[in-house]
């Protein structure tokens with residue numbers, strides 16, 4: 001086994017020279033094929049269907065549709081509702097997860113008795129599947145009769161709230177945030193732990209109080225990490241589906257219908273693959289706008305922030 | 001500009017069953033002069049950095065008091081002690097430009113912008129980094145970062161400077177340059193400075209007074225010259241000076257002036273002559289620095305205060321030659337003139353400069369000599 005490995009250096013050629021003869025294309029092929037089948041093909045198919053007449057209820061109506069699907073989508077008030085709902089959900093969840101996650105990260109960066117256990121517990125929600133999250137919150141926490149929150153409210157002498165009916169969007173935001181705070185916590189905590197101790201000491205000797213220390217040293221240090229958290233989370237929040245599907249089903253009315261759920265509804269309730277595909281293209285564009293905007297904003301912020 | 005006074009300062013990191021024997025720093029007493037350059041030196045883990053961090057307030061003290069200009073700061077937060085520190089890793093703020101790094105402490109003090117700019121420019125000029133003010137720390141070389149770290153301390157015009165091995169991350173040549181530069185800077189600013197290092201050359205060249213520490217205890221506090229001439233014990237004697245002192249074990253002779261065994265007989269002369277009066281017959285360790293041994297030609301009639309042995313190692317350094325000579329059971333290092341040719345395996349005779357000898361008690365390892373009072 002080891003003889004060819006030994007033979008290579010003994011020929012006196014640098015390893016790089018041998019690499020040029022390696023079957024680079026063939027070695028890359030599995031990854032490229034995988035990417036192609038899982039990303040490019042569905043994307044192209046979606047693009048194709050978005051311009052086709054393709055309603056499962058009317059199988060005989062086929063053919064090129066032009067921009068009809070997009071016209072129908074843009075005139076559909078549900079689409080606009082879902083767009084606004086998506087933005088509200090993403091924005092609110094981002095604010096909550098990042099701020100609570102940062103607070104918890106600062107807390108867990110200190111040493112206290114039982115930190116290991118507490119940290120594990122704090123991270124646990126991340127390992128719960130979205131569907132299970134939805135079911136747990138719906139049946140065990142939010143439920144107006146059997147739910148934990150209802151029990152607490154009754155013990156405080158208050159009327160239990162039917163969360164999913166009265167505050168549907170807030171409920172979804174709470175669930176999504178609950179699920180994703182651990183993610184923000186984990187990443188921000190590793191960021192905090194990579195902050196050199198002597199910088200904190202230097203800034204203390206420079207006369208900074210706790211807030212100035214946080215504002216001028218900790219936050220700039222976390223800049224990159226915050227960027228990663230916001231970036232990844234907004235991509236995940238844009239595609240929130242399971243929590244909505246298992247709890248409110250987009251309701252009441254369109255109160256919690258976000259873009260993914262709108263796509264799902266058009267395809268599997270109205271059986272209109274064309275409109276669904278058009279909406280999916282819309283979602284792709286939205287995701288790209290989001291990420292470009294974020295990259296610009298955060299990168300710019302990093303550069304100017306470092307000058308301050 | 002301040003007088004720093006450490007009184008019975010103790011640091012104990014606690015832990016199970018820890019007592020005074022576990023003290024990281026044990027009853028540290030030192031009063032500086034105004035504007036003095038104090039070097040804390042010792043091997044790793046001797047407590048020198050801990051002592052400095054206690055002065056800074058980054059470590060709590062377990063006992064004793066630290067005062068600056070008569071004001072007890074033992075319980076004062078680091079930010080209120082008016083102390084600036086230069087860290088071994090420099091600890092520059094990576095997201096700020098050099099200017100902002102230096103201006104940061106002044107901004108926190110809410111000084112007017114004009115004054116901040118003036119002070120930073122002034123310090124930058126002194127340190128020769130005025131052309132780097134817009135750069136980020138990561139775009140600087142090690143030596144430049146070092147200067148910025150110094151600048152950040154200078155602009156604050158603090159009462160006390162603390163420097164924690166600031167030169168240890170620089171290459172050898174730059175270290176020598178910066179060494180001189182820091183000394184020059186200190187002379188100019190005349191701020192009381194504590195400087196921690198494990199390098200005895202740095203300590204000797206920079207310190208006005210040197211605190212030699214071992215295992216949390218002060219071994220000796222003295223000027224470089226007196227540390228070299230009158231080390232208080234074997235540790236200090238071996239620590240100060242390169243190559244380090246040779247130690248030979250013998251007995252104080254009946255004449256109360258000599259230390260001898262079957263391999264040598266060395267008689268103290270000069271100021272040291274009478275020092276052994278009370279110690280006749282005690283086991284003693286005699287210390288000779290390599291530079292106080294000189295080559296003796298084979299036909300030279302001198303026979304007193306001579307070590308004879310066999311050359312084991314010859315290390316020509318250009319200006320001088322270091323040789324190691326086996327004298328009985330002892331390996332003795334000597335520094336001889338480079339024009340002398342000695343060959344390995346040959347017998348050699350070395351003459352001792354007897355007015356420079358050190359004599360230590362073999363059990364307590366303390367010096368038996370009486371250092372003259374400091375001038």
Item to check | Point-to-point label distance, residue B:249-residue A:62, nm (Cα→Cβ direction, 7 Å offset) | outcome: 10.4 nm
Checklist entry - Rounded to the nearest 0.05, what FRET efficiency is calculated for residue B:169 and residue A:162 with R0 set to 60 Å and r the Cβ-Cβ distance? => result 0.40
Next on the checklist: For chain B, take the longest principal axis of its alpha carbons; what is the angle in degrees between that and the long axis of helix B:142-154, to the nearest 10 within 0 to 90?
Outcome noted: 70 degrees
Checklist entry - Taking other Cβ within 10 Å of each residue's Cβ, how do B:210, A:273 sort, fewest first? => result A:273, B:210
Item to check | Rough spin-label spacing in nm, given labels placed 7 Å along Cα→Cβ, for residue B:280 and residue B:7 | outcome: 4.6 nm
Checklist outcome for this item: Between the modelled labels at residue A:31 and residue A:43 (7 Å from Cα along Cα→Cβ) the distance in nm is 1.7 nm
Checklist entry - In deg cm²/dmol, rounded to 500, what helix-only [θ] at 222 nm does chain A give when every DSSP H run of at least 4 residues adds -39500 (n - 2.57) and the total is split over its residues? => result -21500 deg cm²/dmol
Checklist entry - With each run of n ≥ 4 DSSP H residues scored as -39500 (n - 2.57), what mean residue ellipticity at 222 nm is computed for chain B after dividing by its residue count and rounding to the nearest 500 deg cm²/dmol? => result -7000 deg cm²/dmol
Checklist entry - Of the beta bridges DSSP finds with both residues in the protein assembly as shown, what % are antiparallel, to the nearest 5? => result 75 percent
Checklist outcome for this item: Here the whole-number average of other chain Cβ atoms within 10 Å per Cβ of B:75-86 is 3
Checklist entry - What does the average come to when, for each residue of peptide A:211-220, you count the partner chain Cβ atoms lying within 10 Å of its Cβ? => result 2
Next on the checklist: Averaged over its residues, how many other protein chain Cβ atoms are within 10 Å of peptide B:34-40's Cβ atoms?
Outcome noted: 0
Checklist outcome for this item: Whole-Å distance linking the alpha carbon centroid of the stretch B:261-297 with that of the stretch A:52-109 is 93 Å
Checklist outcome for this item: Here the relative contact order (percent) of chain B, from C-alpha pairs under 8 Å and at least 6 apart, is 15 percent
Item to check | Within the stretch B:4-235, percent of DSSP bridges classed antiparallel, to nearest 5 | outcome: 45 percent
Checklist entry - Stokes-Einstein D for the stretch B:95-171 at 4 °C, 1.567 mPa s, Kirkwood Rh over Cα pairs, in µm²/s? => result 102 µm²/s
Next on the checklist: For chain B, take the longest principal axis of its alpha carbons; what is the angle in degrees between that and the long axis of helix B:98-108, to the nearest 10 within 0 to 90?
Outcome noted: 70 degrees
Checklist entry - Relative to the longest principal Cα axis of chain B, at what angle does helix B:113-127 sit, 0 to 90 degrees, rounded to 10? => result 20 degrees
Checklist entry - Gain in length, residue B:74 to residue B:138, computed as 0.36 nm per residue apart minus the alpha-carbon separation, to one decimal in nm? => result 19.5 nm
Checklist outcome for this item: With a Förster distance of 41 angstrom and the Cβ-Cβ distance between residue A:22 and residue A:132, calculated FRET efficiency to the nearest 0.05 equals 0.35
Checklist entry - Which order do B:54, A:175, A:140 fall in if you start with the one that has the fewest other Cβ atoms within 10 Å? => result A:140, B:54, A:175
Checklist entry - For the peptides B:315-323, B:296-304, what is the packing order when you average, over each peptide's residues, the other Cβ atoms within 10 Å and list the highest mean first? => result B:315-323, B:296-304
Checklist entry - Between residue B:371 and residue B:262, what FRET efficiency comes out of the Förster formula 1/(1 + (r/R0)^6) with R0 = 25 Å and r the beta carbon distance, rounded to 0.05? => result 0.25
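A short reminder: the numbers here are calculations on the coordinates, not readings from a lab. Nothing here was measured: the structure is a model prediction, and the numbers come from that model. With ideal geometry, Cβ positions are generated from the backbone for all residues, glycine too; neighbour counts draw on all protein chains shown.
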